[in-house]
1. If you take every residue apart from residue 145 with its C-beta less than 11 Å away from the C-beta of residue 145, what net charge results, scoring Lys and Arg +1 and Asp and Glu -1?
2. Roughly how many Å² of residue 151 are accessible to a 1.4 Å probe, to the nearest 10?
3. Could you let me know the centre-to-centre spacing of the range 128-144 and the range 213-236, using Cα atoms, in angstrom?
4. To the nearest 20 debye, what is the magnitude of the charge dipole of the range 87-185 about its Cα centre, counting +1 on the Cβ of each Lys and Arg and -1 on the Cβ of each Asp and Glu?
5. P(r) for the range 152-223, please, calculated from all Cα pair distances in 10 Å bins and given in %.
6. Under 1.5 on a/c is rounded, so check that first for the range 64-188, then, if it is not, pick prolate when a/b is larger than b/c and oblate when it is not; a ≥ b ≥ c are the square roots of the alpha carbon gyration tensor eigenvalues.
7. In terms of solvent-accessible area of protein heavy atoms at a 1.4 angstrom probe, what is the ranking of 158, 189, highest value first?
8. Under a point-charge model restricted to the Cβ atoms of Lys and Arg (+1) and Asp and Glu (-1), what is the dipole moment magnitude of the range 139-195 relative to its Cα centre, in debye to the nearest 20?
Amino acid sequence: MTISQAWKYYKGFRFSWKSVIHLICFTSLVFFIHYTCNRFETAEYFPIKEVNIAGMQHVSQAEAQHLLLPLVSKGFFSVSVDQIKENLAQFPWVAEASVRRVWPNQLFIQVTEKTPLALWNGEKILSASGQLFSPARNTYPEGLPEFVGPEGVQLKMMENYAQVTRVLAPLHFKVTRFEMSPAHTWSLMLNNGIKLNIGHKDILTRVADFVKVYPKIIGDRADKVDSVDLRYSNGLAVRWKTIA
């Protein structure tokens with residue numbers, strides 16, 4: 001660039017205070033927003049003062065509070081909703097959880113627990129959705145029917161259990177034990193102490209036949225019956241208890 005060219009460029013340049021002021025204002029605004037947001041994210045400003053948890057029956061409030069305390073000790077705007085859900089999912093009983101902030105200082109947590117259907121092989125709980133889970137023993141509900149079967153057949157057992165329960169409805173009996181052997185034969189125990197050996201086929205038909213003949217063959221003598229064998233094509237066999 002020659003001297004004459006440089007002089008022309010210098011003469012064409014106009015220093016604008018207006019542009020400088022705009023730049024300073026913009027920079028200050030960005031700094032203010034950043035500073036304010038950082039303040040909002042601290043517990044010193046907008047702390048969480050109340051946490052409401054609903055829907056928990058098998059998880060104690062103390063356990064939940066201990067797990068969530070490090071998360072809710074942050075500010076209202078920085079508390080992680082997703083992290084709270086992940087932490088709650090660590091409890092075996094929890095199926096899902098929803099979390100929402102309630103202005104200005106509250107969290108509301110709604111927990112949905114798994115619905116227990118049966119005790120599985122004496123060790124786990126089978127949920128109504130087909131999940132196997134292992135919560136603390138002291139949280140196992142009383143009165144669950146016991147399912148006994150090979151691993152991986154729980155959905156089939158759930159289906160047959162529901163159908164058998166409907167067939168037994170006229171007798172008002174409940175199934176306390178439902179078993180599928182490794183050879184895929186079925187048996188069950190009723191709440192009046194009678195065991196039914198069903199076999200491996202025509203399960204519902206055989207149970208329905210039992211329901212039909214029960215009033216005539218057994219009736220009010222249920223306490224004297226040990227088991228009923230339904231594995232016959234055209235009938236059944238009652239095994240009576242031996243009276244010493």
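1. On the way: positive: 174, 177; negative: 146, 179.
Its environment carries a net charge of 0.
2. 130
3. 32
4. On the way: 9 positive and 8 negative charges, 53 e Å.
Dipole of the range 87-185, to the nearest 20 debye: 260 debye.
5. 18, 58, 21, 3
6. Working: a/c = 3.44, a/b = 2.75, b/c = 1.25.
Prolate.
7. On the way: 158 35, 189 55 Å².
Per-residue accessible area, sorted high to low, gives 189, 158.
8. Numbers: 5 positive and 5 negative charges, 43 e Å.
With Lys and Arg at +1 and Asp and Glu at -1, about 200 debye.
The values are calculated or read from the model by the stated rules, or taken from the named source; none is laboratory data. Just so it is clear, the model here is predicted, and its values are computed rather than measured. In this analysis, Cβ positions are derived from the backbone assuming ideal geometry, glycine residues included, and neighbour counts consider all displayed protein chains. The area values use the complete protein model at the heavy-atom level, side chains included, leaving out ligands, DNA and RNA. Shrake-Rupley method; radii C 1.70, N 1.55, O 1.52, S 1.80 Å.
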